[in-house]
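Visitor: This structure is in structure tokens; I'll ask about it shortly.
The values are calculated or read from the model by the stated rules, or taken from the named source; none is laboratory data. All values reported here derive from a predicted model rather than from experimental measurement. Cβ coordinates were reconstructed from backbone atoms using ideal geometry, including for glycine residues, and neighbour counts include every protein chain displayed.
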Amino acid sequence: MANILIIDDDPQIREFLIKYFNDTGHILMAAETLTDGFEMLSIGDFDLVLLDVNLPDGNGLEALVSIKSTDSEPEVIIITGEGNTQGAKMAIDYGAWDYILKPFSNHEIDLNVKRSLEFRASKKALESASENTLNRSSIIGSSPRLMSRLNMVAQCAKSDANVLITGQTGTGKELFAKVIHTNSRQKENDFVVVDCASLPETLVETVLFGHVKGAYTGADSNQEGLVKKADGGTLFLDEIGELPLSMQAKFLRVLQERRFRSVGSTKDIESHFRLVCATNRNLEKMVKDNQFRSDLLFRIKTIHIDLPCLKECKEDIKDLALHYIHKLCSHHDFETKGFIPEFLQFLESYDWPGNTRELISSLEKAILANPESTILYPNYLPTNIRLTNIESTINKQNLSHIYNDLSKSKKALNSIVLPAELLKPILPLKQVKAYTAAETEKIYLKELMRSTKNDLVKAGKLSCLSKSHLYSLLKKYNFTRGSCR
């Protein structure tokens, strides 16, 4: 039995799917809009989402990544009446199980639902086994996004496939690389780190491949390169996006043949290593800009692990704080310090642009702010974190006043009168809904801008609209700042 969510604005499709799958024992829920769908996803645990593309409040394909990133991480099947090859490619690239065109047969939808749920069940079983066997070392946390990456690490450990780890600075890419090595068959041999960003272009070849005596001025003896040192172990190329183009071709040959030559040598050297790479750059874009070789990218990206930023895993902050406070206190020879609830609230309300690395640094500053204190207080934290919390509190207070103003204008939103030409004769519901939606948007925007005194920043926060979306709506209805007073 599975929990299935249908997000489709066509009532016939919703009713058909609910009736069809009711006899299977699955629990089905339905939403007409993306907004309602996300609300259900936020409070429920769903195994599968049947998702339409053209919805009243957005595009299902554009929302696909966000849906798969919700806590239950459901499988998603796209069902659409306006299919095209570009949409199908986007759906598969974004992780959809399949892309089905309406009208679909009973067999087609039944088979896809059955296969996607079988896949999910096997994946869950594998994840459960991985949790019990994976040596995760110092990777702290249990949020769904983090656990899904650790499950990928467990899969990496069962093969010698090349791995590419991507993510923002400070998300722990090297830490994940070490965990892959620790759980692999290479764990008894060396984990060799190459920081491509810190290598001068003139020395890259020597550092990677070594040199023989007399290869160049100052080469007084033979020197083994890091590629050879990684023989039998793991070679970790950190910031591989910084590897010069001239070296990318040579390194590609090493990956293909597992052979290379030291600088100044005429003899081939063999090295059989596990390759793990990491970068915070967009390698696909670099390929388009001719800054990175596409054939090398294909080689290093057999398995791709994209690490989430800390603001996407805020439920891990408490565990991270407890772990690193103890570790940092031990390092500075202090007794482990505690903290008041407000200290944790400040940590959890901050977005951490520097990710876990910034969190560790901030905790160390707090610990050292008053070495004699056994308790950590918010005022020990860096100024920018404290200011962010204060600004957040002020904004909430301001927004609550705006909400009160809007609630007084409720009657305005209920005063839409449908013109007779929409009802006599009765027109299609979609046409009537389009009219009422437009009228509602006009009233809403006028009241929104009036209540915020034409402050676009406040209006954006209150309406949860991006700046570009808000601008486009105001332009659509020819609203100016003056006209909204």
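Visitor: Hey, among the residues in the stretch 43-58 that are part of a loop (DSSP other than H, G, I, E, B) and of a type in the set (A, V, I, L, M, F, W, C), which one's farthest from the chain's Cα centre (by Cα)?
Guide: Selected residue: V53.
Visitor: Can you say whether R120 is part of a helix (DSSP H, G or I) and over 30 Å from A230 (Cβ atoms), as far as the supplied structure shows?
Guide: Values: part of a helix (DSSP H, G or I): yes; over 30 Å from A230 (Cβ atoms): yes.
Here the answer is yes, as R120 does meet what is asked.
Visitor: Moving on. May I ask you to verify whether T166 is over 21 Å from D52 (Cα atoms), crowded, with 17+ Cβ neighbours inside 10 Å and out of contact with any Asp or Glu (no Cβ under 7 Å at 6 or more places or on another chain)? Spell out how you get there, then give the answer.
Guide: Details: over 21 Å from D52 (Cα atoms): yes; crowded, with 17+ Cβ neighbours inside 10 Å: yes; out of contact with any Asp or Glu (no Cβ under 7 Å at 6 or more places or on another chain): no.
Answer is no for this residue.
Visitor: If E239 meets every condition in (1) in contact with a Phe, Trp or Tyr (Cβ under 7 Å, 6 or more places away or on another chain); (2) within 27 Å of R357 (Cα to Cα); (3) of a type in the set (D, E, K, R) apart from one, which number is that one?
Guide: Unmet for E239, out of (1) in contact with a Phe, Trp or Tyr (Cβ under 7 Å, 6 or more places away or on another chain); (2) within 27 Å of R357 (Cα to Cα); (3) of a type in the set (D, E, K, R): (1).
Visitor: Small (G, A, S) and crowded, with 21+ Cβ neighbours inside 10 Å: is that true of G44 in this structure? Don't jump to the end; show me each part of the working.
Guide: Numbers: small (G, A, S): yes; crowded, with 21+ Cβ neighbours inside 10 Å: no.
For G44, the condition - small (G, A, S) and crowded, with 21+ Cβ neighbours inside 10 Å - is not met.
Visitor: Restricting attention to the stretch 23-34, which residues are under 12 Å from D9 (Cα atoms) and either of a type in the set (S, T, Y) or more than 20 Å from the chain's Cα centre (by Cα) (or both)? Don't jump to the end; show me each part of the working.
Guide: If we filter the stretch 23-34 for residues that are under 12 Å from D9 (Cα atoms), which is where we start, we get 30-34.
Within the stretch 23-34, A30, A31, E32, T33 qualify.
Visitor: Restricting attention to the stretch 19-35, and to residues there that are part of a helix (DSSP H, G or I) and touching a residue at least 24 places away in the same chain (Cβ under 8 Å), which single residue is surrounded by the most Cβ atoms within 10 Å (Cβ to Cβ)? I'd like the intermediate steps shown before the answer.
Guide: First, pick out the residues of the stretch 19-35 that are part of a helix (DSSP H, G or I): 19-22, 34-35.
Add one more test, that the residue is touching a residue at least 24 places away in the same chain (Cβ under 8 Å), and what stays is 20-21, 34.
Working: Y20: 15, F21: 19, L34: 22.
Here the residue is L34.
Visitor: Kindly provide the set of residues from the stretch 324-359 that are touching a Gly at 6+ places or on another chain (Cβ under 9 Å) and assigned to a helix (DSSP H, G or I), ordered by number.
Guide: Initially, the stretch 324-359 is screened for residues touching a Gly at 6+ places or on another chain (Cβ under 9 Å), giving 325, 352-359.
Within the stretch 324-359, I325, N355, T356, R357, E358, L359 meet the criteria.
Visitor: Hey, another quick one. Check the stretch 165-174 and report whether any residue there is at pLDDT 85 or above, touching a Cys at 6+ places or on another chain (Cβ under 9 Å) and assigned to a helix (DSSP H, G or I).
Guide: No: the stretch 165-174 contains no residue that is at pLDDT 85 or above, touching a Cys at 6+ places or on another chain (Cβ under 9 Å) and assigned to a helix (DSSP H, G or I).
Visitor: Right, something else. Which number in (1) within 26 Å of E312 (Cβ to Cβ); (2) assigned to a loop (DSSP other than H, G, I, E, B) marks the one condition that E82 misses?
Guide: With respect to (1) within 26 Å of E312 (Cβ to Cβ); (2) assigned to a loop (DSSP other than H, G, I, E, B), E82 is out only on (1).
Visitor: Is the stretch 107-117 home to any residue that is at pLDDT below 80, of a type outside the set (V, I, T), in a helix (DSSP H, G or I) and closer than 25 Å to N22 by Cβ? Let's see the steps before the verdict.
Guide: Here is the first cut: in the stretch 107-117, the ones at pLDDT below 80 are none.
No, the stretch 107-117 contains no residue that is at pLDDT below 80, of a type outside the set (V, I, T), in a helix (DSSP H, G or I) and closer than 25 Å to N22 by Cβ.
Visitor: Checking the condition out of contact with any helix residue (DSSP H, G or I) (no Cβ under 6 Å at 6 or more places or on another chain) and surrounded by 15 or more Cβ atoms within 10 Å (Cβ to Cβ), which residue from V65, V113 passes? Break it down into steps so the answer makes sense when it comes.
Guide: Working: V65 fails: surrounded by 15 or more Cβ atoms within 10 Å (Cβ to Cβ).
Answer to the selection: V113.
Visitor: Quick check: anything in the stretch 173-182 buried (at least 18 other Cβ atoms within 10 Å of the Cβ), basic (K, R) and over 24 Å from V287 (Cα atoms)?
Guide: Within the stretch 173-182, one or more residues are buried (at least 18 other Cβ atoms within 10 Å of the Cβ), basic (K, R) and over 24 Å from V287 (Cα atoms).
Visitor: Looking only at the stretch 59-104, count how many residues are of a type in the set (D, E, K, R), over 20 Å from E32 (Cα atoms) and more than 18 Å from the chain's Cα centre (by Cα). Before the answer, list the steps.
Guide: Filtering the stretch 59-104 for residues of a type in the set (D, E, K, R) gives 62, 68, 71, 73, 75, 82, 89, 93, 98, 102.
Pick out the ones that are also over 20 Å from E32 (Cα atoms) and you get 71, 73, 89, 93, 98.
Going one step further and asking which of them are more than 18 Å from the chain's Cα centre (by Cα), we end up with 89, 98.
Going through the stretch 59-104 one residue at a time, the tally reaches 2.
Visitor: Okay, moving on. Look at Y471 and say whether it is closer than 21 Å to D9 by Cβ, modelled with pLDDT of 75 or more, surrounded by 11 or more Cβ atoms within 10 Å (Cβ to Cβ) and in contact with a Leu (Cβ under 9 Å, 6 or more places away or on another chain). First the steps, then the outcome.
Guide: Details: closer than 21 Å to D9 by Cβ: no; modelled with pLDDT of 75 or more: yes; surrounded by 11 or more Cβ atoms within 10 Å (Cβ to Cβ): yes; in contact with a Leu (Cβ under 9 Å, 6 or more places away or on another chain): yes.
So Y471 fails the test.
Visitor: Wholly within the stretch 201-317, which strands (runs of 3 or more DSSP E) include no fewer than the required count, namely at least 3 residues that are surrounded by 15 or more Cβ atoms within 10 Å (Cβ to Cβ)?
Guide: Working: elements: 234-238, 274-279, 303-306.
Output list reads 234-238, 274-279.
Visitor: Let me ask another. Can you name the number of the only condition in (1) in contact with a Cys (Cβ under 6 Å, 6 or more places away or on another chain); (2) without any contact (Cβ under 8 Å) to a residue 60 or more places away in the chain that K285 fails?
Guide: (1)
Visitor: Can I ask one more? Could you tell me whether the stretch 211-223 includes any residue that is closer than 30 Å to L150 by Cβ, assigned by TED's automatic domain parsing to the domain that holds T302 and touching a residue at least 40 places away in the same chain (Cβ under 8 Å)?
Guide: Restricting attention to the stretch 211-223, the residues satisfying the condition of being closer than 30 Å to L150 by Cβ are none.
Looking through the stretch 211-223, none of the residues is closer than 30 Å to L150 by Cβ, assigned by TED's automatic domain parsing to the domain that holds T302 and touching a residue at least 40 places away in the same chain (Cβ under 8 Å).
Visitor: Also, quick follow-up: Identify, by number, the condition in (1) modelled with pLDDT of 90 or more; (2) over 24 Å from A121 (Cβ atoms) that D57 doesn't meet.
Guide: (1)
Visitor: Looking at the stretch 96-106, which of the residues that are over 15 Å from F21 (Cβ atoms) and of a type outside the set (A, V, I, L, M) is modelled with the lowest pLDDT? Break it down stepwise before answering.
Guide: Of the stretch 96-106, the ones over 15 Å from F21 (Cβ atoms) are 96-99, 101-103.
With the extra rule that they be of a type outside the set (A, V, I, L, M), the set shrinks to 97-99, 102-103.
Details: W97: 89, D98: 90, Y99: 91, K102: 87, P103: 84.
Looking at residues that are over 15 Å from F21 (Cβ atoms) and of a type outside the set (A, V, I, L, M), I get P103.
Visitor: Could you give every pair whose Cβ atoms fall below 9 Å, whose first residue belongs to the stretch 464-479 and is in contact (Cβ under 8 Å) with a residue 24 or more places away in the chain and in the same structural domain as E447 (by TED's automatic domain parsing), and whose second residue is β-branched (V, I, T) and outside any helix (DSSP H, G or I), counting only separations of at least 6 or pairs across chains?
Guide: L474/T480
Visitor: Restricting attention to the stretch 176-210, and to residues there that are free of Cβ contacts under 8 Å to residues at least 24 places away in the same chain and among the polar types (S, T, N, Q), which single residue is farthest from I139 (Cα to Cα)?
Guide: The qualifying residue farthest from I139 (Cα to Cα) is T202.
Visitor: Quick check on K461: is it modelled with pLDDT of 75 or more, more than 28 Å from E391 (Cα to Cα) and either aromatic (F, W, Y) or surrounded by 13 or more Cβ atoms within 10 Å (Cβ to Cβ) (or both)?
Guide: no
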